[in-house]
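In what follows, a single structure is set out as structure tokens and then discussed.
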Amino acid sequence: MCGIVGYVGEKQALPVLLSGLKRLEYRGYDSAGVALVTDDGLRITKQVGKIKVLEQALDGHKIDCRHGIAHTRWATHGEPNQVNAHPHYDTAAEIALVHNGIVENYRTLKEFLSQKGFVFRSDTDTEVLTHLIRFNYKGDLTEAVRDALSQVEGTYGIAVVSSLHPNEVIAARMGSPLVIGHGDDENFVASDVSAMLEYTNRVVYLEDGEIATVTNSEYTITTIQNVEITPRISEISWSLDMIEKSGYDHFMLKEIHEQPTTLRNAMRGRINYEEGISRLNGLNLQYDELRRIKRIIISACGTSWHAGLIGEYLIEEVARVPVEIEYASEFRYRSPIFDDSSVFFAISQSGETADTLAAMREAKKHGVTSLGIVNVVGSTIARESNGGVYIHAGPEIGVASTKAFTSQVTLLALIGTLLGRMRHLSVQQGQELLGALQEIPGQIEQILAREDVVKEIAGEYCNNDNFLYLGRGINFPVALEGALKLKEISYIHAEGYPAAEMKHGPIALIDENMPVVVIAMKDPVYDKVMSNIAEVRARNGRVIAIATEGDTEIAERVNHVIYLPETHRLLTPLLSVIPLQLLAYHIAVMRGCHVDQPRNLAKSVTVE
Ligand code: AGP
């Protein structure tokens, strides 16, 4: 996913654009560029690498300009290089454009435009849009954009400027988020509110198929069919310090340590302990509708999918309702079977993941009630769902998801309790689960206080090239999540496996060079996990165990133990994931990796 910033107003545009880009750098960062509208025409600068490379290229250049656009790229078509970086511009360098998304029919359009004499510089799909706008330009930039986009298939969030229109930024959205920032004698366009939070907290979210003409004093929104839309201003509750590091070395570490607070926020106002029941009015479902649910489909990607898998174990056990967890990218193309007693949940931190959004749209097409478990307020999945719950984790900047994961699992536990209490779960059972849930934030604080234990272990294994993560039952998804954390920020190959499955293949990998992280909490499958640990040790494998405080037996069987407080069996993932987040973080730092912006990754994948 790329970062887009646009500005038109009274300030010097360049500092506004660059500060906005830096807030978005976590979204994609293989190249960056700006297009400034000056009295002498368009001034376009773009560089490979991070934003600081662009800043160095611009350093010392006094550019008097109050109007421009900027972009930080996560490459889809065309390798990360200077020519492929955005902004792209027309032959006369009078129209410039930045884009987030994929033009599916760019080859056809490129061929058509080439036959019309347009010359292409880059290997990107985006450049087609610039020449297509030029081809349709007859003096009105908005209409040229409208006509061009009516020929485009695919997804886009774009911002367009032109030296021929010295006070306009044209913004348009189809599948990639775009938001207008409402200022005083200035207005902003961005792909994410964090880019403009420094200047305004009043925003207007563009919907798919809408085009905005933004000037310093106003903005008008129309559909691509030229139907006028009344802008609806929302107020963002996030504060600036929520998108700063606040003294931590990395956003990821800050967000790991925020989890006691974010979980309290996730639960706030949602637990009726006396009745042993959770309160989730956002689901927009009455009790009789909740009782009629006979099947739950959960769809997500990555870490959110791991949370969904925990949801499957938890909700099936607590509510006795069948749950299927589906990779969104698979679900949307699999011709899934629906029935009218199904409910669909999309889990997404960003609320913009293309595959998850598409999966939810597929479910909605079949008339299935579709609910969101989302972090970003006003995101597309949140707005298009029939209801849902915000996880209230605050902005998650680190590309590796941490606090969102534990908040997602918390909401799934609340959903399971609500559904369970509609069925057979007693008040006492509900109170047992909810009471334990309310203890979790304090228990995470205890675990975080012992971060040095994890850091020491990280020091011993930071040079290994492979890791195996094992877990059983509700902690099997945590093994998957721990492996994902490690691989995505340290680039070490790590696999998560059901512990018993190790015997069916992965055990061939075990030797003294393959550290094995095993989640071995005191639960009904503990003895089985201990057998798996013995199988690893018998082949000289080195074992790092995540265990329950007071379990002295395990300490004699493994190389390292990280102890966790005891909690309700179904809530252990909320604790067992914490040391795995810390282990991945410290190993990545020791390997000199860019923890918050790992190579090849982006915070939210808004393309297929
Ligand atoms: C998690 O650490 C990854 N960054 C990635 O797997 C992420 O969870 C996935 O892309 C889903 O994102 P979403 O929750 O915003 O939909």
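The values are calculated or read from the model by the stated rules, or taken from the named source; none is laboratory data. Bear in mind the structure is a predicted one, so any value in this text is a computation, not a measurement. Backbone-built Cβ (ideal geometry, glycine too); neighbour counts: all protein chains shown.
Okay, residues lined up against (1) in a strand (DSSP E or B); (2) closer than 15 Å to Ala195 by Cβ:
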residue	(1), (2)
Ile4	yes, yes
Glu10	no, no
Leu18	no, yes
Ala32	yes, yes
Val37	yes, no
Arg43	yes, no
Gln47	yes, no
Lys52	no, no
Glu55	no, no
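Every listed requirement among (1) modelled with pLDDT of 95 or more; (2) farther than 20 Å from Ala400 by Cβ is met by Pro506 save one, (1). Being touching a residue at least 12 places away in the same chain (Cβ under 8 Å) and surrounded by fewer than 24 Cβ atoms within 10 Å (Cβ to Cβ) is a description that applies to Gly387.
Kindly indicate whether Gly372 is free of Cβ contacts under 8 Å to residues at least 60 places away in the same chain and within 11 Å of the ligand (Cβ to nearest atom). Working first, answer last.
Details: free of Cβ contacts under 8 Å to residues at least 60 places away in the same chain: yes; within 11 Å of the ligand (Cβ to nearest atom): yes.
Yes: the conditions hold for Gly372.
Against the definition (out of contact with any Ser or Thr (no Cβ under 9 Å at 6 or more places or on another chain) and assigned to a helix (DSSP H, G or I)), how does Gly398 come out, yes or no? When the stated conditions are applied, Gly398 does not pass them. Among the residues of the range 23-52, the one identified as of a type in the set (Gly, Ala, Ser), over 17 Å from His165 (Cβ atoms) and in contact with a Leu (Cβ under 6 Å, 6 or more places away or on another chain) is Ala32.
Among the residues making up the range 181-231, those that are without any contact (Cβ under 8 Å) to a residue 12 or more places away in the chain and of a type in the set (Ser, Thr, Tyr) are Thr220, Thr230. Does Lys403 satisfy being within 14 Å of the ligand (Cβ to nearest atom), of a type in the set (Lys, Arg), at pLDDT 95 or above and more than 11 Å from the chain's Cα centre (by Cα)? Criteria met by Lys403.
Going by the structure shown, is Ile554 within 16 Å of the ligand (Cβ to nearest atom) and either among the β-branched types (Val, Ile, Thr) or without any contact (Cβ under 8 Å) to a residue 24 or more places away in the chain (or both)?
On the way: within 16 Å of the ligand (Cβ to nearest atom): no; either among the β-branched types (Val, Ile, Thr) or without any contact (Cβ under 8 Å) to a residue 24 or more places away in the chain (or both): yes.
Criteria not met by Ile554.
Within the range 297-323, restricting attention to residues that are away from the ligand (no atom under 14 Å from the Cβ) and part of a helix (DSSP H, G or I), the residue that is surrounded by the most Cβ atoms within 10 Å (Cβ to Cβ) is Ile315.
Only a single item in (1) part of a helix (DSSP H, G or I); (2) more than 9 Å from the ligand (Cβ to nearest atom) is not met by Gln408, and it is number (2).
Do the conditions hold for Glu362, that is, is it surrounded by 19 or more Cβ atoms within 10 Å (Cβ to Cβ) and within 14 Å of the ligand (Cβ to nearest atom)? Quick ask: steps written out before the conclusion?
On the way: surrounded by 19 or more Cβ atoms within 10 Å (Cβ to Cβ): yes; within 14 Å of the ligand (Cβ to nearest atom): no.
No, not satisfied.
Looking across the range 324-359, just one residue is away from the ligand (no atom under 13 Å from the Cβ), in a helix (DSSP H, G or I) and not aromatic (Phe, Trp, Tyr), and that is Glu330.
When the range 557-608 is filtered for residues that are in a helix (DSSP H, G or I), away from the ligand (no atom under 16 Å from the Cβ) and of a type in the set (A, V, I, L, M, F, W, C), the ones remaining, listed by number, are Leu570, Leu571, Leu574, Leu575, Val589, Met590.
Please verify whether Leu97 is out of contact with any His (no Cβ under 7 Å at 6 or more places or on another chain) and either surrounded by 24 or more Cβ atoms within 10 Å (Cβ to Cβ) or outside any loop (DSSP other than H, G, I, E, B) (or both), treating the condition exactly as stated. So Leu97 fails the test.
Quick check: is even one residue across the range 277-294 modelled with pLDDT of 95 or more and aromatic (Phe, Trp, Tyr)? Within the range 277-294, not a single residue is modelled with pLDDT of 95 or more and aromatic (Phe, Trp, Tyr). Every listed requirement among (1) surrounded by fewer than 20 Cβ atoms within 10 Å (Cβ to Cβ); (2) farther than 25 Å from Arg291 by Cα; (3) touching a residue at least 40 places away in the same chain (Cβ under 8 Å) is met by Ser335 save one, (3).
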